[in-house]
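Student: Following this message is one structure expressed as structure tokens.
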Amino acid sequence: MIRIASVLLVVAVALLTASPAAPQGANGTARLKSDIVVTGELVRIGDLFENAGPVAGIAVFRAPDLGETGAVPAARVVDAVVLHGLIEVDTAGITDVVVRRASRVIAVKEIEARIARALAVRYGLGEPKNLTVSFDRDVRTIRLEPSVTGDLQPTRVSYDTRSGRFDAAFEIADNAGSRVTLRYTGAAIEMFDAVVPTRALARGEVVKALDLMIERRPKAEFGLDIVRDAEHAVGLAARRALRAGQPLRAGDLMKPEIVQRNEPVTLVYQVPGIVLTVHGKALETGSEGDLVNVLNTQSKRTVQGTVIGPGRVSVGATVPRSPASAAKFSQSLTDGAARRRTE
């Protein structure tokens, strides 16, 4: 707490014109307060004492600056009010009186929000919440008299869409019609949420929730395929190597590759009542739903099938689903094995 006994000056004019015979409070002894809140630039006897009587409105000290707090020794308070005839006072053991100056606070965040709203409305920049405002110089919290209840009203706003720079002036009026003018310059950039990896991801690596975070990025970095919801990326795989902190785009992701080139797979042919399987080798890498070429290791024939699971390829879609075709397909699967047994 800042000691302001040296700056809480006794109002000279009031002291010089004080009447030593000023009447005591109607209800007896005036009681000193230990902690007071004042509005305006002056501290009056009625602010300092309960039951101050007719002298309550007399100013004896200057108040701290708006929003500030100070202290004045109780002995100095008593000396000041005795000169105005307030003789019977009870200090109640108080050694210092804390004086707080009330104020209306306009925080920096509120100023930023008001500028963003003015720019969004006048220049069609979308939602104000998506604008990040920075200033050319430090902006401090504004403290005004509590009587100033009006809103910050823009009087002039200019904005360069290429550079993002703005120049904005505002006014705020009190109940008496007095106006405070404020001016700010800086830059406002439209920002959006983007999904970015928290670590480097190798090609084909499946993305987990812990691998992602949301960051605010300038709109200029965005494409139409930017990923803005982490849920849309979890469970997919990196189509290419991805750097940590690089905004994800839809083209960076793919379904996980569950069939790998040159790895063993199971060929599956299924129609109602018949399921046939045979060993094969994938000739291509593929994700679920992809068409890939597979070598039937028994017949040595290459067939095309659809990836239906890890290491499983369905070839049912490539032949007619009828008993005759099933028998023919079954024969083709076993011919290769029969030939190798007779050779």
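The values are calculated or read from the model by the stated rules, or taken from the named source; none is laboratory data. Predicted model, so just to flag it, every value in this text is computed and none were measured. Backbone-built Cβ (ideal geometry, glycine too); neighbour counts: all protein chains shown.
Student: Which of the following residues is closer than 15 Å to Arg183 by Cα, touching an Asp or Glu at 6+ places or on another chain (Cβ under 9 Å) and among the β-branched types (Val, Ile, Thr): Ile142, Ile115, Ile111?
Tutor: Selected residue: Ile142, the only one of Ile142, Ile115, Ile111 that is closer than 15 Å to Arg183 by Cα, touching an Asp or Glu at 6+ places or on another chain (Cβ under 9 Å) and among the β-branched types (Val, Ile, Thr).
Student: Let me ask something additional. How many residues does region 156-177 hold that are loosely packed, with under 13 Cβ neighbours inside 10 Å, over 27 Å from the mean Cα position of the chain (by Cα) and in contact (Cβ under 8 Å) with a residue 12 or more places away in the chain?
Tutor: 3
Student: Still on this model: From the set of residues in region 156-193 that are part of a strand (DSSP E or B), modelled with pLDDT under 90 and among the hydrophobic types (A, V, I, L, M, F, W, C), which is nearest to Leu236 (Cα to Cα)?
Tutor: Phe192
Here is a yes/no grid of residues against (1) assigned to a loop (DSSP other than H, G, I, E, B); (2) on the phi > 0 side of the Ramachandran plot; (3) of a type in the set (Lys, Arg):
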| residue | (1), (2), (3) |
| --- | --- |
| Val195 | no, no, no |
| Arg199 | yes, no, yes |
| Met213 | no, no, no |
| Gly235 | yes, yes, no |
| Pro247 | yes, no, no |
| Leu276 | no, no, no |
| His279 | no, no, no |
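Student: Something else: Please go through region 88-132 and pick out each residue that is acidic (Asp, Glu) and part of a helix (DSSP H, G or I).
Tutor: Matches in region 88-132: Glu110, Glu112.
Student: Can you name the residue in region 79-91 that is touching a residue at least 24 places away in the same chain (Cβ under 8 Å) and surrounded by fewer than 20 Cβ atoms within 10 Å (Cβ to Cβ) and is also nearest to the chain's Cα centre (by Cα) among such residues?
Tutor: Looking at residues that are touching a residue at least 24 places away in the same chain (Cβ under 8 Å) and surrounded by fewer than 20 Cβ atoms within 10 Å (Cβ to Cβ), I get Thr91.
Student: Something else now. Which one of these is modelled with pLDDT of 90 or more, over 46 Å from the mean Cα position of the chain (by Cα) and not charged (D, E, K, R): Ile94, Ile115, Ile111?
Tutor: Going through Ile94, Ile115, Ile111 in turn, just one is modelled with pLDDT of 90 or more, over 46 Å from the mean Cα position of the chain (by Cα) and not charged (D, E, K, R): Ile94.
Student: I'd like the residue in region 29-77 that is under 19 Å from Arg104 (Cβ atoms) and among the polar types (S, T, N, Q) and, out of all such residues, is nearest to the chain's Cα centre (by Cα).
Tutor: So, considering only residues that are under 19 Å from Arg104 (Cβ atoms) and among the polar types (S, T, N, Q), the one nearest to the chain's Cα centre (by Cα) is Thr69.
Student: Applying the selection to region 108-142, what residues are surrounded by fewer than 16 Cβ atoms within 10 Å (Cβ to Cβ), of a type in the set (D, E, K, R) and out of contact with any helix residue (DSSP H, G or I) (no Cβ under 8 Å at 6 or more places or on another chain)?
Tutor: Hits for region 108-142 are Lys109, Glu110, Arg122, Asp136, Arg137, Asp138.
Student: List the number of the failed condition for Ala220; all other conditions in (1) at pLDDT below 85; (2) among the small types (Gly, Ala, Ser); (3) in a loop (DSSP other than H, G, I, E, B) hold.
Tutor: (3)
Student: Look through region 301-328, keep the residues that are at pLDDT below 85 and under 23 Å from Glu288 (Cβ atoms), and return whichever of them is surrounded by the fewest Cβ atoms within 10 Å (Cβ to Cβ).
Tutor: Once the filter is applied, the top-ranked residue is Ala317.
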